[in-house]
């Protein structure tokens with residue numbers, strides 16, 4: 001368990017060729033639209049039991065799933081705990097929507113963690 005007071009929430013990102021069609025399927029499955037980009041290339045969906053994001057894949061890009069988490073608190077304590085445990089952690093990046101950090105898991109996969117602080 002991460003040594004943070006609030007932990008993290010899994011938030012997979014699914015890269016798809018047709019966001020609109022995938023969004024329709026997710027709505028039938030009972031997910032509710034939480035947010036959407038104006039250009040239609042990004043949508044966040046949620047249900048009482050979880051959440052996911054749909055992201056438009058470029059035509060040359062393979063469809064894939066990226067394992068992402070939302071931190072329920074500041075990233076610094078999490079980065080400190082991961083670094084202390086010996087994980088390869090990149091620098092915290094300030095992006096247009098907030099801050100994030102990448103960490104390599106023991107299998108070499110990159111996990112992406114977004115900072116989510118309720119306002």
Next item on the list: Within segment 1-57, track down each residue that is in contact with a helix residue (DSSP H, G or I) (Cβ under 6 Å, 6 or more places away or on another chain), modelled with pLDDT of 90 or more and closer than 24 Å to residue 105 by Cα.
Entry: 54
Checklist line | Hits in segment 84-109 (condition: touching a strand residue (DSSP E or B) at 6+ places or on another chain (Cβ under 8 Å), without any contact (Cβ under 8 Å) to a residue 12 or more places away in the chain and part of a strand (DSSP E or B)) | finding: 93
Check: Which pairs do you get when a residue that is buried (at least 18 other Cβ atoms within 10 Å of the Cβ), found in segment 10-26, comes within reach of a residue that is part of a loop (DSSP other than H, G, I, E, B) and at pLDDT 90 or above, reach meaning Cβ atoms under 7 angstrom, with the pair 6+ apart or on two chains?
Finding: 19/40; 19/41
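The values are calculated or read from the model by the stated rules, or taken from the named source; none is laboratory data. Note that the structure is a prediction, hence the values are computed from the model and not measured. Cβ atoms come from the backbone with ideal geometry, glycine included; neighbour counts cover every protein chain shown.
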